[in-house]
Each structure stands twice: as structure tokens, then as C-alpha cells.
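Engineer: What follows is a structure written as C-alpha cells; I'll ask about it next.
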Amino acid sequence: GGGNGAMGRYTSAKSFDDRSTEIAAAPTAAEVKEGAEKKKDVLEVSNTMGSTAGAGSGDFHQYRNSRRRELFRLERIDADAQREEEDRAFNERKRERAEEEEAKRQKRAEKRRKKKDKKKG
């Protein structure tokens, strides 16, 4: 690639036109502070596309698959929580039934013992 070298390729961006003799005024401290205030509530996106490329042919599929994975993950979390809750409820009922059975057993044993004592006496 030739060229007369007047303007090199890939120069860094400048805030003023190269041919202009006027230099852009630096922002005042108040303006800088105001800019910082505005910046606070802007959502920062970290996975932006490069400026040279649009969406490639695989990007939608990547997005769709990552979304699917995330939805499956959330479903699994919900299912696990529900199963845990059901197990807890089941074990609670099981414990209550066991306690009731034990109480009945003791009552019947006491009854038998009294009957036996009556026969003896």
C-alpha cells in the first residue's frame, strides 16, 4: 500500500480537527463533576461488539444457548427447592405419626399391665 504519508493510517482519534488551529477548550471542574454525576446511573455493558464487526452468523445461536442454559439452571434450582420442601414436609408428618404410634403403644401396654395386675390380685 502506497500513499504520500501526509496522514498515517490508524492515527489516534483527536477531539479536534487536524487542520484546525483552534484547540478545544478543556472542560471546567464543574463540568467534569457534572459529567461524573451523570455517569453514575448508566448501566455499563462489558461484552460489547468490536466496532469493526457486526453480529456474526453464530452470535444468535450463542445467545440462544446461553439463555437456554440459564433457564435450565433456574428451573433446576426451583425443582431442587421444591423437592427439599416436600421432603421436609414428609419427614415432619412421618415424625408426627411415629410419635402418635408410640403414645398409643404405651397406652395399650399400660392397659395390658393393669389387666394382668387385676388377674393376679
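The values are calculated or read from the model by the stated rules, or taken from the named source; none is laboratory data. As the structure is a computational prediction, the values presented were derived from the model and not from experiment. Virtual Cβ from ideal backbone geometry, glycine too; neighbours counted across all protein chains shown.
Engineer: Does at least one position in segment 32-55 carry a residue that is at pLDDT 85 or above and hydrophobic (A, V, I, L, M, F, W, C)?
Structural biologist: Scanning segment 32-55, I find no residue that is at pLDDT 85 or above and hydrophobic (A, V, I, L, M, F, W, C), so the answer is no.
Engineer: A follow-up question, please. Residue pairs, Cβ under 7 Å, 6 or more apart or interchain, first in segment 55-71 and of a type outside the set (Phe, Trp, Tyr), second part of a helix (DSSP H, G or I). List them.
Structural biologist: If the second residue must be part of a helix (DSSP H, G or I), no pairs are left.
Engineer: Moving to a separate point now. Among (1) hydrophobic (A, V, I, L, M, F, W, C); (2) surrounded by 10 or more Cβ atoms within 10 Å (Cβ to Cβ); (3) at pLDDT below 70; (4) assigned to a helix (DSSP H, G or I), where does Ala24 come up short?
Structural biologist: Checking Ala24 against (1) hydrophobic (A, V, I, L, M, F, W, C); (2) surrounded by 10 or more Cβ atoms within 10 Å (Cβ to Cβ); (3) at pLDDT below 70; (4) assigned to a helix (DSSP H, G or I), the one that fails is (4).
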